[in-house]
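Asker: Below is a structure I'd like to ask you about.
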């Protein structure tokens with residue numbers, strides 16, 4: 001799958017709609033304004049995204065994974081460097097005392113935050129591209145980026161990557177939302193995006 | 001034994017043991033139809049809600065549990081039923097949405113069970129087969145886990161006090177100051193001028209608090225100290241570390257707090 005600039009822009013528009021919905025839901029949850037922005041969508045290889053996370057000093061990352069199946073099968077992952085995920089949970093929970101690590105309960109909170117974001121973004125894709133999905137419950141994974149992304153599969157496989165910036169109480173947290181797609185799903189998605197652009201023209 | 005499942009649409013197609021399994025599952029199961037009416041609730045849930053199957057089956061969820069109206073749970077449920085995607089509600093962010101208590105305990109607010117909730121709506125394939133979207137709500141009692149984590153955190157706090165509080169003076173030691181400065185400088189680089197929180201360990205030990213405040217200008221420090229705090233001594237210093245091209249000011253302050 002190689003998406004044109006216009007197709008990537010259309011996807012960014014769809015994703016941003018979902019991200020906006022998620023920001024509202026997270027603000028209600030946190031009791032204060034949560035700003036979310038997703039500046040751009042990129043097609044990257046698993047190797048590139050792993051290197052990008054490693055460049056942020058993230059030896060270990062924390063990811064919320066959800067599977068979506070239907071005409072398009074994808075695994076959606078929201079990934080943060082571990083220290084950023086700790087800060088995010090701390091800000092959402094409103095705990096003053098710094099967290100040293102994610103306990104079982106805090107992992108569950110992170111799963112809920114990821115669930116809200118992933119469901120909103122995929123709902124937006126489903127509504128606008130007219131694709132029906134079935135979803136799974138979120139799972140939290142901790143480990144090296146390469147392990148979480150199963151890079152042993154193929155380092156050069158293309159994935160859709162979306163940088164997500166959280167802003168809560170003047171604190172900025174950066175994460176990545178990635179969609180792992182198989183070849184057949186990539187083709188279907190490409191056709192759906194083309195149909196979406198055509199419907200706008 | 002009648003779980004209420006026999007009121008469902010096609011009981012004759014279900015294996016005999018399925019009713020028994022659902023009835024005896026050790027977490028709460030509630031099945032809703034597309035109109036948010038309760039189709040089935042298992043024994044675990046009914047016992048802890050102190051309700052009978054006859055009182056809940058066929059009733060609208062929000063009428064049976066008015067406490068859920070307008071809250072996060074209702075919003076999450078409506079969204080899940082509309083999108084068809086499962087949702088999770090963690091106990092940290094929503095401790096006890098349902099009014100569930102231990103079967104033998106008192107029914108007061110502070111004895112409500114801590115709940116981890118999964119909302120699982122049927123996907124498109126199952127909806128086509130069932131003729132409507134049913135939604136399963138699964139409630140797990142995580143009260144023992146919460147109690148265990150609270151205990152472990154209390155132990156960790158005590159261990160931290162032992163490492164960070166000087167045994168003779170009973171105020172923060174050198175390690176405490178070094179670590180606090182590192183944390184505060186990192187925080188300040190993200191949000192200059194933000195008010196720092198006094199370390200809990202020092203407040204608990206004495207009623208006195210040790211503050212480390214950082215800002216990109218000295219004048220910001222004065223505005224950051226709350227009025228409820230009486231400053232005992234304050235040592236202003238300028239750090240050689242720079243944030244955004246400016247020196248970082250940090251003050252070590254011993255104060256008495258009213259809170």
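Bear in mind these aren't lab numbers, they're just calculated from the coordinates by the rules spelled out. If you're wondering where the values come from, they're calculated on a predicted model, not measured in any experiment. Note that we place each Cβ from the backbone using ideal geometry, even for glycine, and neighbour counts take in every protein chain shown.
Asker: Taking chain A as a Gaussian network, Cα atoms linked when under 10 Å apart, which of A:43, A:13, A:32 shows the biggest mean-square fluctuation?
Answerer: Answer for the Gaussian network model of chain A: A:32.
Asker: Please report the base-10 log of the normalised intensity I(q)/I(0) for the stretch B:16-74, using a Debye sum with one equal scatterer per alpha carbon and no solvent, at each q in 0.17, 0.29, 0.30 (1/Å).
Answerer: For the requested q values the scattering log ratios are -0.56, -1.27, -1.30.
Asker: Oh, and also: Taking the alpha-carbon set of the stretch A:1-152, what are its Rg and Dmax in Å?
Answerer: According to the Cα coordinates of the stretch A:1-152, Rg and Dmax are 15.7, 47 Å.
Asker: Taking only the C-alpha atoms, wrap a convex hull around the stretch A:121-201 and report its volume per residue in Å³ as a whole number. Walk me through the intermediate numbers first.
Answerer: Details: hull volume 12.8 nm³, N = 81.
So the per-residue hull volume is 158 Å³.
Asker: Taking the simple approach of a point 7 Å from Cα along Cα-to-Cβ for both residue B:24 and residue A:144, what is their distance in nm?
Answerer: 4.7
Asker: Describe numerically, in nm with one decimal, the distance between label points set 7 Å from Cα along Cα→Cβ at residue B:158 and at residue B:185.
Answerer: Modelled inter-label distance: 3.4 nm.
Asker: Per-residue Cβ counts within 10 Å, from other chains only, averaged over A:103-111: what number is that? Could you put the intermediate results ahead of the total?
Answerer: Values: counts 6, 7, 12, 3, 2, 9, 7, 2, 3.
Mean shielding count: 6.
Asker: For peptide A:130-143, compute the average count of partner chain beta-carbon atoms within 10 Å of each residue's beta-carbon.
Answerer: 3
Asker: Once the Cβ-Cβ distance between residue B:151 and residue A:130 is put in as r, and R0 is 60 Å, what FRET efficiency do you end up with, to the nearest 0.05?
Answerer: On the way: r = 51 Å, r/R0 = 0.85.
In this case the efficiency is close to 0.70.
Asker: Can you list, largest first and rounded to whole Å, the semi-axes you get for the stretch A:19-91 by taking the square root of 5 times each eigenvalue of its Cα gyration tensor? Walk me through the intermediate numbers first.
Answerer: Values: eigenvalues 102, 74, 30 Å².
In descending order the semi-axes read 23, 19, 12 Å.
Asker: Moving on. Across every pair of different alpha-carbon atoms, what Kirkwood hydrodynamic radius in Å does the stretch B:28-140 reach? Could you put the intermediate results ahead of the total?
Answerer: Numbers: mean 1/r = 0.0699 Å⁻¹.
In the stretch B:28-140 this quantity evaluates to 14.3 Å.
Asker: Rank these for me by crowding, B:94, A:150, going from fewest to most other beta carbons within 10 Å. Walk me through the numbers on the way to the answer.
Answerer: Working: B:94 20, A:150 12.
If I rank by nearby Cβ atoms, fewest first, I get A:150, B:94.
Asker: Give me the one-decimal nm value for the distance between modelled label points at residue B:69 and residue A:83, 7 Å along each residue's Cα-to-Cβ direction.
Answerer: Distance between label points: 4.9 nm.
Asker: Now a separate question. Arrange the following residues from fewest to most other Cβ atoms within 10 Å of their Cβ: A:136, B:125, A:50.
Answerer: B:125, A:136, A:50
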